[in-house]
Amino acid sequence: MLTTALFKNEKIFFSDRGKGRPVVLLHGFLGSHKIWKLTIENLSSSYRVIAIDLPGHGQTASIGYAHSMDLMAKSVKAVMDFLKLKKYVIIGHSMGGYAGLAFADLFPDHIKGLCLYHSSAYADSEEKKKERLRAIRLIKTSKNIYTKSTVKNLFATKNLKYLKDEIAFALSIARQTQKQGIIAALLGMRDRQSRDLILGLVEYPIMLVIGEQDNILPYEVLLEQSQIIKNKQILYLEHDGHLGFLESPKVSHKELRKFLRKCFQNT
Ligand code: MLT
């Protein structure tokens, strides 16, 4: 059963499992809280795990035409305020990481640690911005084709033949995303600002998960960003693409637990 918190008169849906220090999971584009199924199961034996359906995804409705990363971050804050939680670790997958960085920028006092799970602190390149607009045109005519090819692209090409169940699982979640939510997220990602300065400024731990076979965010670019982080942990997944917590759940969860222990030590 999901709980809701109000943000701009819309319900933000989230799951809340486990007891202990709070950990927030933010899904990526075409995801929902459900994509974290295995991660929630694993972490909630030791932590309170709150997994949010970001605006326009899962059961949360769209809020306007474009969902900026700041708007997404503010919707997360509405949930955390509703729960009266003050300090937490945010784990953001890809677009969820962009929203997590916006959160870190807007509400720095609430963060104990930030994990950018296959995510980047850089803005879109000019080429990527054009690609977002091409995607919007395609969604308007052929949403199913777009969704299927986008989800497949999240997995390492060489994993496609082994991970049939995981692909079907991710696709079933992606298919629930409304057209308006997809377009709003694409516009929000296109217009997001670079937030790499934050990586170099903050004292709390930052974890980067990087897939060498990632078709969306090239590993070289993510490794470059890692250089300025003061207190860092890197999980480098040689055989995985953009969905490490489904492609290699065991090692992902082991490393996330290590990261969480570091974030919450001395508290
Ligand atoms: C995601 O997985 O959230 C998106 O692929 C990120 C992006 O398109 O930049």
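The values are calculated or read from the model by the stated rules, or taken from the named source; none is laboratory data. This one's a predicted model, so the numbers in the text were calculated from it and none came from an experiment. No Cβ is skipped: glycine too gets one built from the backbone with ideal geometry, and neighbour counts run over all protein chains shown. Protein only, heavy atoms only, side chains kept; ligands, DNA and RNA dropped before computing areas. Shrake-Rupley method; radii C 1.70, N 1.55, O 1.52, S 1.80 Å.
Considering (1) within 16 Å of the ligand (Cβ to nearest atom); (2) in a helix (DSSP H, G or I); (3) not β-branched (Val, Ile, Thr), the lone condition that residue 121 does not fulfil carries the number (2). Contact map, the stretch 1-18: residues that are polar (S, T, N, Q) paired with residues that are open to solvent by less than 60 Å² (accessible area, probe 1.4 Å), Cβ distance under 7 Å, separation 6+ or inter-chain. Pairs shown: 3/14; 3/16; 4/12; 4/13; 15/2; 15/33; 15/40; 15/51.
Filtering the stretch 170-188 to residues that are within 15 Å of the ligand (Cβ to nearest atom) and either open to solvent by 10 Å² or more (accessible area, probe 1.4 Å) or more than 24 Å from residue 245 (Cβ to Cβ) (or both) leaves 171, 183, 184, 187. Looking at the stretch 128-139, I want the residues that are free of Cβ contacts under 8 Å to residues at least 12 places away in the same chain and more than 15 Å from residue 188 (Cβ to Cβ) and have a partner that is more than 11 Å from the ligand (Cβ to nearest atom) and open to solvent by 70 Å² or more (accessible area, probe 1.4 Å) with Cβ atoms under 8 Å, at least 6 apart or on another chain. Which pairs are those? Matching pairs, first to second residue: 138/145. Under the condition of being polar (S, T, N, Q), over 17 Å from the mean Cα position of the chain (by Cα) and open to solvent by 60 Å² or more (accessible area, probe 1.4 Å), the residues counted in the stretch 142-169 number 3.
If you go through the stretch 78-111 and pick out every residue that is of a type in the set (S, T, N, Q) and either open to solvent by 30 Å² or more (accessible area, probe 1.4 Å) or away from the ligand (no atom under 15 Å from the Cβ) (or both), you end up with 0.
Within the bounds of the stretch 59-72, is there any residue that is under 15 Å from the mean Cα position of the chain (by Cα), surrounded by 22 or more Cβ atoms within 10 Å (Cβ to Cβ), more than 15 Å from the ligand (Cβ to nearest atom) and not in a helix (DSSP H, G or I)? No, that holds for no residue.
Applying the condition of being assigned to a loop (DSSP other than H, G, I, E, B) and touching a residue at least 60 places away in the same chain (Cβ under 8 Å) to the stretch 41-53 and asking which residue is least open to solvent (accessible area, probe 1.4 Å) yields 47. For the stretch 177-191, indicate whether the set of residues that are within 17 Å of the chain's Cα centre (by Cα), at pLDDT 95 or above, part of a strand (DSSP E or B) and within 29 Å of residue 71 (Cβ to Cβ) is non-empty. No: the stretch 177-191 contains no residue that is within 17 Å of the chain's Cα centre (by Cα), at pLDDT 95 or above, part of a strand (DSSP E or B) and within 29 Å of residue 71 (Cβ to Cβ).
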